[in-house]
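The values are calculated or read from the model by the stated rules, or taken from the named source; none is laboratory data. These numbers come from a predicted model, not from an experiment. Here the Cβ is made from the backbone with ideal geometry for all residues, glycine too, and neighbour counts use every protein chain on show.
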Amino acid sequence: MASLTPRSEQFHLSLAWTMLHNAIIGAVSIEHPYFKAFLEGLKLPCKNSFNLSEIAHSYLGEVSGFVVDLMSATIKSFQDLRLIVREDISEGEKRALNDAFSASGPQYQDASFSALFQEFLEGVGAPSAGMLDAVKDRYEPSVASTLENLNQPAYRMKMFCWAASGAPRVMPDEDPIKASACFLLHFLL
């Protein structure tokens, strides 16, 4: 890319939405009602009375940096989650976990907690639809509204991230999420 134009990778990524739009819909002037409605939406005030356009323009990396960081905050795979699982469990808990793995079938023989936890987070749907149905009326409305996405590939990872960090997306400048197997196992064993 650098040999063809003087654009940086970051600038090229910031144009991605325009290139996609032009490829699917075609080039449309900024005066088109479609763009006018979109721009009016960006100007709606946020909680702190700023609008999204002002936030993007005041961003340290400028608008292109804002778009690139926003894209990198999206969780699409387990690697995007930036999760560190510490297997800090006692010998007794290791034996109990290995016994549980053995009782679960040959596919879990010699499994690790980290591998099992990753498999769970990468899974789709409710692990127990009956248990979910029994409690979903007690969920906060903001969480309950996400249940329609339950069968989306990254749903569990986003919900875990939300529970662990307070946001359903990764904060690129923050430390990775750290999960303790010892803490998590107390809910399972």
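Things to note:
- Each residue in the range 108-126 was checked for being surrounded by fewer than 14 Cβ atoms within 10 Å (Cβ to Cβ) and modelled with pLDDT of 85 or more, and 6 of them qualify.
- Condition check for D173 on (1) within 17 Å of the chain's Cα centre (by Cα); (2) at pLDDT below 85; (3) surrounded by 13 or more Cβ atoms within 10 Å (Cβ to Cβ): one failure, at (3).
- Filter pass, L52 being modelled with pLDDT under 75 and not charged (D, E, K, R): no
- Test: residue in the range 61-70 that is in contact with a helix residue (DSSP H, G or I) (Cβ under 6 Å, 6 or more places away or on another chain) and either assigned by TED's automatic domain parsing to the domain that holds S165 or at pLDDT 75 or above (or both): no
- Consider the range 108-143 and keep the residues that are free of Cβ contacts under 8 Å to residues at least 60 places away in the same chain and of a type in the set (F, W, Y). The one that is nearest to A154 (Cα to Cα) is F120.
- So S165, is it under 16 Å from V85 (Cβ atoms) and over 15 Å from the mean Cα position of the chain (by Cα): no
- Qualifying residue in the range 46-55 (condition: touching a strand residue (DSSP E or B) at 6+ places or on another chain (Cβ under 8 Å) and not in a helix (DSSP H, G or I)): yes
- Any hit, the range 79-93, residues being assigned to a helix (DSSP H, G or I), farther than 17 Å from A179 by Cα and at pLDDT 85 or above: yes
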